[in-house]
Amino acid sequence: AAWALLRSLFRRALMASGWCTIESDPGVFSELITELGVKGVQVHELWSLDKESMAEVGPVHGLIFLFRWRGEKDDRATVTPGPGVFFASQMIPNACATQAILSVLMNCPSISLGEEMTAFKAFTKDFPPDVKGLAISNSDLLRRVHNSFARAEPTVSEERRASKEEDEVYHFISYVPVDGKLYELDGLKAGPICLGDAGPGEAWLDAVTPAIQARIEQYSSREIRFNLMAVTADRRERLLAEQAVIEKERNMTVGKVQARAGKLPSPAELERLAASHPEPPATGEVAVDERTLEQLLIALAHLTARAAKVAADIENEQQRVGQWKIENIRRRHNYAPFIVNFLKVLAERGELGPLVEQAKKKQRHGAR
């Protein structure tokens, strides 16, 4: 009776709310996660399922797969979610992007969810999947952040646009390891689909590859529009931590070199040393004391090269995140008033009519 009452209350509130469609883009998903209060998480687009691509983006918490939904029958068995698995049914259209993100965030204990998402996870912990889905759909925070990425629609709103059978519908699902098992989480299914053992560490990425490839091949003869994104640790935090370790050892090495030689090699000399000698293993302060001057110089050369590379990587990451923010501002901006005023100015100057006629001529010539 309690669940029935809660379902009824949620559904009443749901009738007054709407969710927009959002773009499948790593910049959109990364900013959405940040605005939910989650720390240290990024989203990267993957162009390949090979190990090198996975390793390049860093520790992977989960994968999000976008495909064109056709409503075809899926005979794979679902399982009842265990206590450690967060699974929510999708109860409202267009919410699948945020639900796919939550399916990864809520199932990864190492992620710092922030105050509000931690409270939401605790609040919904014992809810059945449909009530979890209703709770997501009625969350003011989740709906507000999700809808903040809506593209400006100056003519027809998302809710009022008539749906047609030929409309292309896309759907997001997640792949995530939980308690030693690998799951496919799709809010349109009755429950999670267990894909087998996840294995230790990131071995689950090897296990998930055949499942994603099989889904792609299922549609490959008639559909090529897919998108795969990895939810990962923030590369900037990892690079900054790596930079701190390198700088600490480099500073120790610089001090030892100066104490023994009195001066440091020039940048050109360090480059020659790094090019002509293999990199020695990283070491602590005690082992630094045991190195000869030549060994210290070789170590300094490689540490200087590594420091420069990490600094460049950090700068590239900062620029990429900055570009994401610019693109997201442009996505949200309504350009209709500018376009209308621009057309008015052209009309007042008598230039609009000739431009329209010129465009019509180009269109007629192009159709031949």
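Would you pull out the residues with amide H under 5 Å of His61's amide H, same chain only if 5 or more places away, H placed 1.01 Å from N?
Amide H neighbours of His61, under 5 Å, 5+ apart: Val231, Thr232, Ala233.
Which of the residue pairs Lys132/Lys189; Lys73/Lys125; Lys39/Lys309 have a Cα-Cα distance greater than 20 Å in the structure shown? Mind showing how you got there, number by number?
Working: Lys132/Lys189 14 Å; Lys73/Lys125 30 Å; Lys39/Lys309 25 Å.
Result: Lys73/Lys125; Lys39/Lys309 exceed 20 Å.
Let me know the shape class of segment 298-368, please: from the alpha-carbon gyration tensor, a ≥ b ≥ c as square roots of the eigenvalues, rounded when a/c is under 1.5, otherwise prolate if a/b is greater than b/c, or oblate. Write out the running numbers ahead of the final one.
Working: a/c = 5.07, a/b = 2.87, b/c = 1.77.
Prolate.
When the accessible area of the chain is split by element with a 1.4 Å probe, what percent falls to carbon and sulfur?
Details: 11390 of 20720 Å².
Answer for the chain is 55 percent, counting heavy atoms of protein chains only.
What ranking do 345-358, 44-57 get when scored by the average of other Cβ atoms within 10 Å per residue, highest first? Can you show the working numbers first?
Details: 345-358: 11.1, 44-57: 14.2.
Listed from highest to lowest mean packing, they are 44-57, 345-358.
For a quick protection proxy, order the peptides 18-30, 110-122, 260-272 by their average other-Cβ count within 10 Å, most packed first.
Details: 18-30: 20.4, 110-122: 14.8, 260-272: 11.9.
Output ranking for 18-30, 110-122, 260-272: 18-30, 110-122, 260-272.
Tally Lys and Arg at +1 and Asp and Glu at -1 over the other residues with C-beta under 15 Å from the C-beta of Ala190: what net charge comes out? Intermediate values should be presented prior to the final figure.
Numbers: positive: Lys73, Arg76, Lys132, Lys189; negative: Asp74, Asp75, Asp130, Glu184, Asp186.
Every neighbour counted, the sum reads -1.
Work out how far the C-alpha atoms of the chain reach from end to end along every principal axis, then list the three figures in whole Å, largest first.
Result for the chain: principal-axis Cα extents of 78, 70, 42 Å.
What translational diffusion coefficient, in µm²/s and rounded to a whole number, does the Stokes-Einstein relation yield for segment 191-260 at 10 °C and a viscosity of 1.306 mPa s, taking the hydrodynamic radius as the Kirkwood radius over Cα pairs?
On the way: Rh = 16.8 Å.
The Stokes-Einstein estimate is 94 µm²/s.
Amide H of Tyr170: which non-local residues (sequence gap of 5 or more, or other chain) have their own amide H closer than 5 Å, using H built in the peptide plane?
Trp69
State in Å² the accessible area per residue of the chain; use a 1.4 Å probe, count heavy atoms of protein chains only, and round to the nearest integer.
Working: 20720 Å² over 368 residues.
Accessible surface, normalised per residue, equals 56 Å².
The values are calculated or read from the model by the stated rules, or taken from the named source; none is laboratory data. The shown structure was predicted, so the numbers you read here are calculated from the model rather than taken from an experiment. Virtual Cβ from ideal backbone geometry, glycine too; neighbours counted across all protein chains shown. These area figures cover heavy atoms from the full protein model, side chains too; ligands, DNA and RNA do not enter into them. Shrake-Rupley method; radii C 1.70, N 1.55, O 1.52, S 1.80 Å.
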